[in-house]
Amino acid sequence: MKADLPHGYWNPEIELLPEGELRKLQLKRIKEAIKLGWIQSPFYRRLMTKHSITPDDIDTLEDFFKRFPLTRRDDLDRDQLDHPPFGSRLALAPETALRYHATSGTTGQPAVKAFDTERDWIWGANAWASSLYNFGIRPADIVMVAFGYGAFIGFWGAHYAFEKIGCRVHPTGGMDTKSRLQIILNLGITTLCCTPSYALRILQVAKEEAMDLARDSQLRKIVLAGEPGASIPSTKAILERGFDAHVGDFMGTTETAGIIAFTCAKSCGRLHINEDRFMAEVVHPHTLAPVGYGERGMMVVTPLGKQAMPLIRYATNDIVILDRREACSCGRVFDLLRGGILGRYDDMVKVRGVQITPQMIEEIVRAFPEVAEFFTTVESRGGLDSLLIKVELANDLTPQSSLEVLRKIKEQFKTHIGLTPEVEVVPSNSLPRFELKARRFKDLRSSP
């Protein structure tokens, strides 16, 4: 591994606040968000009226957690259908907005449309900047953002955040992977910013082109966002080994904007929550009761500063485990998400009585360096549910070695998940590759 990451604080006055002061700051900003929603957002005025609450009813964080209803993705979708094209959550006239963006729609739902004012955009970029700096990004870094720069908010905030820190940024929207590889080598890129899936793709194309990025590039830091992967141990190990660089996981959503949680320079296997900018809760997915530290649950998030489109107690459907701040040695007052995002409740499927998420599959498959790419389906065959995994294997494997890899994959699934999949080898480059969010999992049982 190249040189250790530099440790520091983007905003030490906030990051080292006593816990009581941080909670006071959160409560103040929550009250401001609720008041904005009540006065200026028809969506939240209706929601609060329906649940018989007003801003005056929220005096403490406990009041907020107990009394304020959740906002769910289905609520946002219905609101946009009932009040096209942008819904009634807008707290300002659309002409006051500076930028428009939309979700990627990876779960099959329609894209949620969102607006940002200039203040929102600065707020989101600052959330990115503090996260990047705390990971170890510094003004001397030369950054390549490998992203298409479309309506999906993706890495827009990261681009401006790198500039805010003082980095030289090379946007590469529209370029193919071979062109990006030349930029990495020729311009001395030190930091790559993309999705985990695309980082894996870069390594694969580099190998095809006989390039050794670990040896020949100046890359020291890999900034990954847009999907889980950077916190999946086997995937992270491939990326660290392939680039000989530090890998950071940065978690956010289009609906909330900005980065909710990030890897700090101490890399403790957890993500710090940006608690001055987001109020994060972990609740039971069915009862909605709060769960304690160390327990699995659903993350609920409130951005503390959104202007154009307030979002209050948003149920992300992300599966997380909350850890106390002491689990990391960096000294920040912010609590942590153990292992980042562990999956999504709406991606979880049951196969022969076993609950499975795409992340569980990736953790096992990526542990085999012989696997170049994979795709998973759940199908009903002969009245039985079956898990099928198609894999592309390295071209230099013998037939006997390939069979051994398949056997070991099945063995690991049986040991760690309790289910034996069907595993099939497919030709090289026959499976899809991804620049943005990868879709390597599909449940075909409900298909016609």
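The values are calculated or read from the model by the stated rules, or taken from the named source; none is laboratory data. Model, not experiment: these values are computed from the prediction. Here Cβ is always computed from backbone atoms with ideal geometry, including for glycine, and neighbour counts include all displayed protein chains.
Name the residues in the range 1-18 that are farther than 30 Å from A214 by Cα and part of a loop (DSSP other than H, G, I, E, B), would you? Within the range 1-18, N11, L16, L17, P18 meet the criteria.
Out of A91, A33, report the one residue that is in contact with a Pro (Cβ under 8 Å, 6 or more places away or on another chain), in a loop (DSSP other than H, G, I, E, B), in the same structural domain as P303 (by TED's automatic domain parsing) and under 15 Å from P310 (Cα atoms).
A91
Evaluate the following for E21: is it acidic (D, E), in a helix (DSSP H, G or I) and touching a Leu at 6+ places or on another chain (Cβ under 9 Å)?
Against the criterion (acidic (D, E), in a helix (DSSP H, G or I) and touching a Leu at 6+ places or on another chain (Cβ under 9 Å)), E21 does not qualify.
Is it the case that some residue within the range 332-347 is touching an Asp or Glu at 6+ places or on another chain (Cβ under 8 Å), buried (at least 16 other Cβ atoms within 10 Å of the Cβ), among the β-branched types (V, I, T) and outside the structural domain of A438 (by TED's automatic domain parsing)? So far as the range 332-347 goes, yes, one or more of its residues are touching an Asp or Glu at 6+ places or on another chain (Cβ under 8 Å), buried (at least 16 other Cβ atoms within 10 Å of the Cβ), among the β-branched types (V, I, T) and outside the structural domain of A438 (by TED's automatic domain parsing). E227 meets the conditions (1) surrounded by 18 or more Cβ atoms within 10 Å (Cβ to Cβ); (2) under 16 Å from D141 (Cβ atoms) in every case but one. The failed one is (2).
Evaluate the following for A125: is it in the same structural domain as T256 (by TED's automatic domain parsing), under 15 Å from T191 (Cβ atoms), within 17 Å of the chain's Cα centre (by Cα) and part of a helix (DSSP H, G or I)? The answer is no for A125. Of the numbered criteria (1) closer than 21 Å to L337 by Cβ; (2) touching a residue at least 60 places away in the same chain (Cβ under 8 Å); (3) outside any helix (DSSP H, G or I), the one E240 fails is (3).
Residue by residue, here is whether (1) in a helix (DSSP H, G or I); (2) within 18 Å of the chain's Cα centre (by Cα); (3) in the same structural domain as M211 (by TED's automatic domain parsing) holds:
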residue: A111; (1), (2), (3): no, yes, yes
residue: A129; (1), (2), (3): yes, yes, yes
residue: A140; (1), (2), (3): no, no, yes
residue: M144; (1), (2), (3): no, no, yes
residue: G154; (1), (2), (3): no, yes, yes
residue: K178; (1), (2), (3): yes, no, yes
residue: Q182; (1), (2), (3): yes, no, yes
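Scan the range 363-404 for residues that are surrounded by fewer than 17 Cβ atoms within 10 Å (Cβ to Cβ) and in a loop (DSSP other than H, G, I, E, B) and the total you get is 8. Each residue in the range 127-155 was checked for being at pLDDT below 95 and surrounded by fewer than 23 Cβ atoms within 10 Å (Cβ to Cβ), and 5 of them qualify. Condition check: aromatic (F, W, Y) and outside the structural domain of T253 (by TED's automatic domain parsing). Does F374 satisfy that? So F374 fits the description; yes. Residues in the range 59-73 that are loosely packed, with under 13 Cβ neighbours inside 10 Å and in contact (Cβ under 8 Å) with a residue 12 or more places away in the chain: T60 only.
In the range 3-58, of all residues being over 30 Å from S329 (Cα atoms) and of a type in the set (G, A, S), the one that is surrounded by the fewest Cβ atoms within 10 Å (Cβ to Cβ) corresponds to S52.
Might you let me know whether the range 303-310 holds any residue that is closer than 20 Å to L61 by Cβ and part of a strand (DSSP E or B)? Show your work before the answer.
Just the residues of the range 303-310 that are closer than 20 Å to L61 by Cβ, to begin with: 303-306, 310.
Keeping just the survivors that are part of a strand (DSSP E or B) gives 303.
Yes, some residue in the range 303-310 is closer than 20 Å to L61 by Cβ and part of a strand (DSSP E or B).
Picking from residues in the range 69-106 that are touching a strand residue (DSSP E or B) at 6+ places or on another chain (Cβ under 9 Å) and of a type in the set (A, V, I, L, M, F, W, C), the one that is modelled with the highest pLDDT is L70. Assess whether A280 counts as being in contact (Cβ under 8 Å) with a residue 12 or more places away in the chain, on the phi < 0 side of the Ramachandran plot, part of a strand (DSSP E or B) and touching a His at 6+ places or on another chain (Cβ under 7 Å). When the stated conditions are applied, A280 does not pass them.
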